[in-house]
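A short worksheet on the structure shown next.
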Amino acid sequence: MEADVRIESLGEEIGVKGGEARPRGWFTRLARWYLARRVAGEACDVEQDDARATARAHRAITIACIKSAISGALSGSVSTGATLVTAQTEGALAFAAVPVAVAAVGGEMLYRSVLHLDLTCDLAAIFGIQYDASHEEDLWRLYALAFGTSDHDEEAEAGGDPGKELVREVTHVESEDVGEKIGHMVLGESIMRNVVPFIGIVSSAVTNVVLTRKMGHTVRRYFRYQRAFKDTFEQAVELLHGEPLDLLIEGMWFVFAADGKLVPEEAACLAKLLHKLPLEARHAVTHRFVEDELDWTERLPRGVPEASRDAFLHALEVAAAVDKEVDAPERKILRRAARALGREFDFKRVERMMAEFEERGVLSPALGGKRLIAT
């Protein structure tokens, strides 16, 4: 089955201010220019191979890390050379050496940023997700988590909140703020690591690899989640409206939070699903993001129609399996949900899902997936 998949516009849903205001920050402007240029061409039309999505994603990240390391080493070498020239000439050639060093640092910073944007597009295409350059807010929600610009109260998390505040913060993220924060962070980090001669060569290369790998794998996992949910939830969401959809999002919260902490891709996925709800329902659902799922399971029999229960339970199973690890707390939640819905919980099916996510990156049609072609 073929379908066009687009990352949905989230601006209207999260209340991003309209108008024609000039974008704040160099990274915001660069991202908008690059994504518009990339989507306008054919670069995102990557041929899909669902059976090798995981391998292709890992290879794309490795290639990006190598390129990033080379650019960092070159930048550090130029900065070191400029420092040595200035010192050996007792400052006589500083007027020439300093601008060269600044250009090298700035050029590397821009190159690495484009590399990250390019990697994001490649990973999206690998998992069958196409960007629409006119709808960018999903990118900023993802980057807020991938680059760590969405801070949350870690003390609250340690005290029993496994990420509810993070979900709320990311739900209300604004593209201008995220882009500006990323720009300041990248600029400051690029300058600081090139300050010390010679050490800057190694530190720039290593730091680039670490940052690119972290960002790449966060984005990879996020698109794996999005592909899984698109495959599975498309039917479920058609069947579930009102209270059943609220209950499904609540159930995903309990599944994601069962291990005590939300990871970035889980927080971003929850935030995206919350935007499918009216504002009042959204607040009500997040208010019910608590530690104990007992009240939620008691509401399932009367809240989920009989005809929708199989799709509802399957969606929860996918939410549990997509991170390729289902521990005892998650199994308990799935069993409780199945019992409340009058269904049997088949852990072997969940294990098969985990195996496919590990080997393929996407579910086969036999387990609820389908072929998605980027256009």
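Checking Glu358, Glu298 one by one, the residue that is in a helix (DSSP H, G or I), touching a helix residue (DSSP H, G or I) at 6+ places or on another chain (Cβ under 9 Å), touching a residue at least 60 places away in the same chain (Cβ under 8 Å) and not assigned by TED's automatic domain parsing to the domain that holds Ala125 is Glu358 and no other. Inspect segment 40-59 for any residue being at pLDDT below 80, part of a loop (DSSP other than H, G, I, E, B), of a type in the set (A, V, I, L, M) and under 22 Å from the mean Cα position of the chain (by Cα) and give the result as yes or no. Yes, the conditions are met somewhere in segment 40-59. State whether one or more residues within segment 359-366 are within 22 Å of Tyr225 (Cβ to Cβ) and polar (S, T, N, Q). Yes - at least one qualifying residue is present in segment 359-366.
Of all the criteria given as (1) at pLDDT 90 or above; (2) under 20 Å from the mean Cα position of the chain (by Cα), the one not satisfied by Ala355 is (2). Here Lys348 meets the list (1) farther than 23 Å from Leu262 by Cβ; (2) in a loop (DSSP other than H, G, I, E, B) almost entirely, failing just condition (2).
Within segment 273-285, being in contact (Cβ under 8 Å) with a residue 40 or more places away in the chain, touching a Leu at 6+ places or on another chain (Cβ under 7 Å) and part of a helix (DSSP H, G or I) holds for one residue alone: Arg282.
A residue that is under 25 Å from Arg220 (Cα atoms) and crowded, with 21+ Cβ neighbours inside 10 Å occurs nowhere in segment 332-347. Evaluated against (1) under 18 Å from the mean Cα position of the chain (by Cα); (2) among the charged types (D, E, K, R); (3) over 22 Å from Arg141 (Cα atoms), Glu317 falls short on exactly one condition, (1).
Annotation: Glu325 fulfils all but one of (1) at pLDDT 85 or above; (2) over 20 Å from the mean Cα position of the chain (by Cα); (3) surrounded by fewer than 23 Cβ atoms within 10 Å (Cβ to Cβ); the unmet one is (2). Restricting segment 359-375 to residues that are modelled with pLDDT of 50 or more and among the hydrophobic types (A, V, I, L, M, F, W, C), the residue that is surrounded by the fewest Cβ atoms within 10 Å (Cβ to Cβ) is Ala366.
The values are calculated or read from the model by the stated rules, or taken from the named source; none is laboratory data. None of these values were measured; they are calculated from a predicted model. Note that each Cβ is placed from the backbone with ideal geometry, even for glycine, and that neighbours are counted across all protein chains shown.
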